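Engineer: Dropping a structure here in structure tokens format, bear with me for questions.
The values are calculated or read from the model by the stated rules, or taken from the named source; none is laboratory data. From a predicted model like this one, the values you see are computed outputs, not experimental measurements. Cβ coordinates were reconstructed from backbone atoms using ideal geometry, including for glycine residues, and neighbour counts include every protein chain displayed. What goes into the accessible areas is simple: the full protein's heavy atoms, side chains included, and nothing from ligands, DNA or RNA. Shrake-Rupley method; radii C 1.70, N 1.55, O 1.52, S 1.80 Å.
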Amino acid sequence: MKHLLVIGIGAGNPDYVTVQAIEAMNRADVFFVMDKGVAKEKLIALRKHIVERFVTDRDYRIVQATSPERRRDESDADYRTAVDELNRDKQQIYERLISDELQDGEVGAFLVWGDPSLYDSTIRILDAIRAQGNHTFAFDVIPGISSVQALAARHRIPLNRIGKSIEITNARGIADGFPAGVDTVVVMLDAKHTYKRLAHEALEIFWGAYVGTPDEILISGPLRDVMDEIERVRDEARRTHGWIMDTYLLRRRDTE
Ligand SMILES: C[S@@+](CC[C@H](N)C(=O)[O-])C[C@H]1O[C@@H](n2cnc3c(N)ncnc32)[C@H](O)[C@@H]1O
């Protein structure tokens, strides 16, 4: 039987790698390293650094594959279709890796940015492959420190307020306003400064880019007061690095 490990490596700082993740990495015969886009080189280098630093007990192979990218020209209505198409393309690549690059009895590892349960398709894709029945393998998931946890820690804030709910969403989740019935919203994958649409609401923002890395930038304050600064700093950082990874937390100011 082939065995796969889906290992969360934390969102940026190699020190986020857990003891459980290190032990899992030391069981792997093959590391599948996937990435895409302009940040590819840097993110692949970080994964290789993590493997070199933490795998001490055994020989291993690294197999690199280019991950397909989602169509970006789709309308909101097409978003789900574009994600489904992307996952289908990814599934084909994963199937090839599992059949061609992993022998029976071996352990293969996918190193997932942050935590595998959050805005990551690896688990869904492995489930889909198993459901089709053409490949037999077992898999385990090792949790990692997500960018959401890293953001909260770096701003030294709790995610939720006492007795209040939080929502984790992408830019689409706040495009039409702050979600009803929620006290705190964490927004990921926002390429368009969507927080600016909420300027009329009494909100506080805790924003972070490249959190946990040497390039980390943090800005916080009343949304209305700091949103233009965030926009300027974000655009500048994106120009300088060629890519950006940022997350923010928005919280109602009038409820506590
Ligand atoms: C495809 S999702 C993957 C999330 C990941 N599984 C996690 O647990 O954080 C990518 C998004 O996560 C956020 N993100 C990941 N790493 C980050 C970091 N170091 N700093 C800020 N945001 C980050 C950004 O919103 C980015 O667009």
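Engineer: Under a point spin-label approximation (7 Å from Cα along Cα-to-Cβ), what is the V63-K192 distance to one decimal in nm?
Structural biologist: 3.8
Engineer: Additional query: Which residue, chosen from Y79, M245, G105, occupies the Cα position most advanced towards the positive end of the dipole of the chain, where the dipole is computed from +1 (Lys, Arg) and -1 (Asp, Glu) charges on Cβ about the Cα centre?
Structural biologist: Of the options given, the answer is M245.
Engineer: Once amide H atoms are built 1.01 Å from N in the peptide plane, which residues 5 or more positions from L203, or in another chain, come under 5 Å H to H?
Structural biologist: So L203 has HN proximity to L223, R224, R253.
Engineer: In the neighborhood of E23, defined by Cβ-to-Cβ distances under 13 Å, what is the net charge if each Lys or Arg adds +1 and each Asp or Glu adds -1?
Structural biologist: 0
Engineer: Taking the Cα centre of the chain as origin, work out the dipole magnitude from +1 charges on Lys and Arg Cβ and -1 charges on Asp and Glu Cβ, in debye rounded to 20.
Structural biologist: Its charge dipole is roughly 220 debye.
Engineer: With +1 on each Lys and Arg Cβ and -1 on each Asp and Glu Cβ, how big is the dipole of the range 2-145 about its Cα centre, in debye rounded to the nearest 20?
Structural biologist: 160
Engineer: Using label points projected 7 Å from each Cα along Cα→Cβ, tell me how many nm separate R27 and D78, to one decimal.
Structural biologist: Using points 7 Å along Cα→Cβ, the separation is 4.3 nm.
Engineer: Specify which residue in the list Y16, A45, I157 is farthest towards the positive end of the charge dipole of the chain, using unit charges on the beta carbon of Lys, Arg (+1) and Asp, Glu (-1), about the Cα centre.
Structural biologist: I157
Engineer: Same structure, new question: Going through the cross-link list K48/K90; K2/K40; K48/K192, which pairs have a Cα-Cα distance over 25 Å in this structure?
Structural biologist: K2/K40; K48/K192
Engineer: Could you pull out every one of the aspartates and glutamates with an alpha carbon less than 16 Å from that of K42, ignoring same-chain neighbours closer than 8 positions?
Structural biologist: Within the straight-line cut-off, K42 pairs with E52, D215, E216, D246.
Engineer: What fraction of the DSSP beta bridges in the range 2-145 is antiparallel, stated in percent and rounded to the nearest 5?
Structural biologist: Antiparallel bridges make up about 5 percent of those DSSP assigns within the range 2-145.
Engineer: How many percent of DSSP beta bridges within the chain run antiparallel, rounded to 5?
Structural biologist: Bridges in the chain are about 40 percent antiparallel.
Engineer: Count charges around R53 for me, please; just the other residues with Cβ under 15 Å from its Cβ, Lys/Arg as +1, Asp/Glu as -1.
Structural biologist: -1
Engineer: Here's something else I'd like to know. What is the sum of charges around I129, taking Lys and Arg as +1, Asp and Glu as -1, for the other residues whose C-beta is under 12 Å from the C-beta of I129?
Structural biologist: Its environment carries a net charge of +4.
Engineer: Place a +1 charge on the Cβ of each Lys and Arg in the range 148-252 and a -1 charge on the Cβ of each Asp and Glu, then give the dipole magnitude about the Cα centre in debye, rounded to the nearest 20.
Structural biologist: Approximately 180 debye in magnitude.
Engineer: Enumerate the calculated ³J(HN,Hα) couplings along the range 137-149 in order (Karplus 6.51 cos²θ - 1.76 cosθ + 1.60, θ = phi - 60°), each rounded to whole Hz, writing x wherever the residue is Gly or Pro.
Structural biologist: Per residue, the Karplus-derived 3J(HN,Hα) values read 7, 9, 9, 10, 10, 10, x, x, 7, 7, 5, 5, 5 Hz.
Engineer: At a 1.4 Å probe radius, carbon and sulfur cover how many percent of the accessible area of the range 148-252?
Structural biologist: The C+S portion of the solvent-accessible surface of the range 148-252 is 48 percent.
Engineer: Distance between Cα centroids, the range 81-148 to the range 1-67: provide it in whole Å.
Structural biologist: Result: 14 Å between the Cα centres.
Engineer: Work out the FRET efficiency for N134 and D89 from their Cβ-Cβ distance, taking R0 = 25 Å, and round it to the nearest 0.05.
Structural biologist: The pair N134/D89 has a calculated efficiency of 0.90.
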